1. Could you tell me whether any residue of the range 95-103 is surrounded by 16 or more Cβ atoms within 10 Å (Cβ to Cβ), over 25 Å from ASN213 (Cα atoms), at pLDDT below 90 and not assigned by TED's automatic domain parsing to the domain that holds ASP177?
2. Given the conditions (1) under 30 Å from VAL73 (Cβ atoms); (2) of a type in the set (A, V, I, L, M, F, W, C); (3) modelled with pLDDT under 85, report the number of the one that ALA226 does not fulfil.
3. Any residue at all in the range 179-193 that's at pLDDT 90 or above, more than 20 Å from GLU107 (Cβ to Cβ), of a type in the set (A, V, I, L, M, F, W, C) and not assigned by TED's automatic domain parsing to the domain that holds VAL75?
4. What is the number of the single condition among (1) modelled with pLDDT of 85 or more; (2) not in a helix (DSSP H, G or I) that THR173 does not meet?
5. Restricting to the range 37-51, what's the tally of residues that are more than 19 Å from ILE99 (Cα to Cα) and in contact (Cβ under 8 Å) with a residue 24 or more places away in the chain?
6. Starting from residues that are surrounded by fewer than 20 Cβ atoms within 10 Å (Cβ to Cβ) and either over 20 Å from the mean Cα position of the chain (by Cα) or among the β-branched types (Val, Ile, Thr) (or both), keep the ones in the range 14-28 and report whichever is farthest from PRO44 (Cα to Cα).
7. Tell me the residue from ALA34, ALA19, ALA13 that is closer than 23 Å to ALA68 by Cβ, in contact (Cβ under 8 Å) with a residue 12 or more places away in the chain and either in a helix (DSSP H, G or I) or touching a Phe, Trp or Tyr at 6+ places or on another chain (Cβ under 9 Å) (or both), please.
Amino acid sequence: MRILIIEDEPQLARHVNVALHRHGHEATVHHDGASGLKAALTTPPDLIVLDVNLPTIDGFEVLARLRAAKCSVRVLMLTSRGEVGDRVRGLKAGADDYIPKPFAMEELVARIEALGRRSGAPVQAAALQVADLHMNVQQRRVLRSGEPISLSPREFDLLQVLMEEPGRYFARTELYDRVWQREHSYDSRTVEMFITRLRKKIDSEHPQPLIHNVRNVGYTIRADEAARDKP
């Protein structure tokens, strides 16, 4: 992906730039809102990492001007502000994701790549399968080893997102966006609670767990032993 980093802290911008290049992306850096906005409108990138506290024009105003110009580039807001009000303001202004400082670089890269993979609503298959776990999407039925599993509508939707791309790690924010469609302000505990419920219903009575997580990266569903939870 071609990624534009608009961040006024030179050292942090350099670290993000290096991490993105290491993962095969092209990245350029601007250290103030005005020049970053001009660059984004002149040659729109695939994604923007946008700090809030910027000189000349702050990140909220940069985002507002991008959306006013009908620029649909995906934007991940990056800021030291962790308050719910600031997160909600950014999301309502048109940001696609929001991560407060300090953060793990692995999580930032994972969220950026998750945003890059989004290309509209996925095409739904009539049936999904991972190992001995079967899902009938149309009938909204789930079986494991032939035994029915009773799921709430939200649990079913969350499981469906995971089963549509087995082996892919989903950041909590993307799962929240896909399943809850931002009906409320983002709360990571909501995703964690529903993942716990799914694990109890799907994995607790079986020797081979299917739902896995990597700290600061996200959740996946897969059948092999390579996905054991990492500390």
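The values are calculated or read from the model by the stated rules, or taken from the named source; none is laboratory data. All values derive from a computational prediction rather than experimental measurement. Note that we place each Cβ from the backbone using ideal geometry, even for glycine, and neighbour counts take in every protein chain shown.
1. The answer is yes, given that some residue of the range 95-103 is surrounded by 16 or more Cβ atoms within 10 Å (Cβ to Cβ), over 25 Å from ASN213 (Cα atoms), at pLDDT below 90 and not assigned by TED's automatic domain parsing to the domain that holds ASP177.
2. Only one criterion in (1) under 30 Å from VAL73 (Cβ atoms); (2) of a type in the set (A, V, I, L, M, F, W, C); (3) modelled with pLDDT under 85 is unmet by ALA226, namely (1).
3. No, because not a single residue in the range 179-193 is at pLDDT 90 or above, more than 20 Å from GLU107 (Cβ to Cβ), of a type in the set (A, V, I, L, M, F, W, C) and not assigned by TED's automatic domain parsing to the domain that holds VAL75.
4. Against the list (1) modelled with pLDDT of 85 or more; (2) not in a helix (DSSP H, G or I), THR173 comes up short only on (2).
5. 6
6. Checking each candidate, the answer is HIS15.
7. Residue meeting the stated conditions: ALA34.
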